[in-house]
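Everything on this sheet refers to the single structure shown next.
The values are calculated or read from the model by the stated rules, or taken from the named source; none is laboratory data. Since we're looking at a predicted model, the values are computed, not measured. Glycine also receives a Cβ, built like all others from the backbone with ideal geometry; neighbour counts cover every protein chain displayed. The area values use the complete protein model at the heavy-atom level, side chains included, leaving out ligands, DNA and RNA. Shrake-Rupley method; radii C 1.70, N 1.55, O 1.52, S 1.80 Å.
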Amino acid sequence: MPPSGEASFELPRDPYHVLVSRGPEYSIHPNDYPASPGALMDLTAADASLDAELAHVLDTTGFVSADFHVHAVFSSDSTVDNLSRVETFAAEGVDLLVATDHDYLTDMRPFIEELGATHLVATLVGGEISTLDF
């Protein structure tokens, strides 16, 4: 199922300050962050929820946002799995993810397709060659 703008996940029951973002093209919730870190949500209840509506505030037509140095689970200095890495890039509005795991060629396209996010993020395979001392 393609990304919908909604997310559900489990957190330990505790109070949290919540910040919602969608990258630099959109406003954030709460709008006065960092002056206010957001309402303290008490997640001790079994089913807590937050509705945050973000406004599109920057027109980036004709531009591409990209990160040309991205590590994930196949890199010796990252523990982030590939699907989670793709989810965060799609969620933050990064148009192009260049995977550059240390000494490993990672193709993120299958994970983008699995997420149903081909309309949100593209990818290139890159590489980072490490010295023996690494």
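Each DSSP beta bridge with both residues in the chain is either parallel or antiparallel, and the antiparallel ones are about 40%. How many percent of the accessible area of the chain is carbon or sulfur, using a 1.4 Å probe? Carbon and sulfur together cover 56 percent of it.
Think of it as helices only: each DSSP H run of n ≥ 4 in the chain is worth -39500 (n - 2.57), and spread over all residues that comes to -3500 deg cm²/dmol at 222 nm.
Computed with a 1.4 Å probe over protein heavy atoms only, the accessible surface of the chain comes to 69 Å² per residue.
Label-to-label distance for VAL64 and TYR16 is 3.4 nm, based on points extended 7 Å past Cα in the beta-carbon direction. Each peptide in 3-14, 59-70, 98-109, 118-129 receives the mean, over its residues, of other Cβ atoms within 10 Å, and ordering these scores from highest gives 98-109, 118-129, 59-70, 3-14. Taking amide hydrogens as placed 1.01 Å from N in the peptide plane, the amide H of ALA122 sits under 5 Å from those of LEU96, LEU97, each at least 5 positions away in sequence or on another chain.
Rounded to whole numbers, the Karplus 3J(HN,Hα) couplings from phi for the stretch 59-66 are 7, 10, 3, x, 10, 10, 8, 8 Hz, using 6.51 cos²θ - 1.76 cosθ + 1.60 with θ = phi - 60°, and x at Gly and Pro.
By a 1.4 Å probe calculation restricted to protein chains, GLU87 has an accessible surface near 80 Å², given to the nearest 10. Taking the Cα centre of the chain as reference, the dipole from Cβ charges on Lys and Arg (+1) and Asp and Glu (-1) amounts to some 120 debye.
Using the Karplus relation 6.51 cos²θ - 1.76 cosθ + 1.60 with θ = phi - 60°, the per-residue 3J(HN,Hα) values for the stretch 103-113 come to 6, 8, 8, 10, 9, 7, 4, x, 6, 5, 5 Hz, with x marking Gly and Pro. As I understand it, the dipole of the stretch 55-134 uses +1 on the Cβ of Lys and Arg and -1 on the Cβ of Asp and Glu, about the Cα centre. Which of LEU58, LEU83, PHE68 lies farthest toward its positive end? It is LEU58. Residues in the stretch 80-96 carry Karplus couplings, in order, of 7, 5, 4, 5, 5, 4, 5, 4, 5, 5, 5, 5, 8, x, 7, 6, 9 Hz; the curve used is 6.51 cos²θ - 1.76 cosθ + 1.60 with θ = phi - 60°, and Gly or Pro positions show x.
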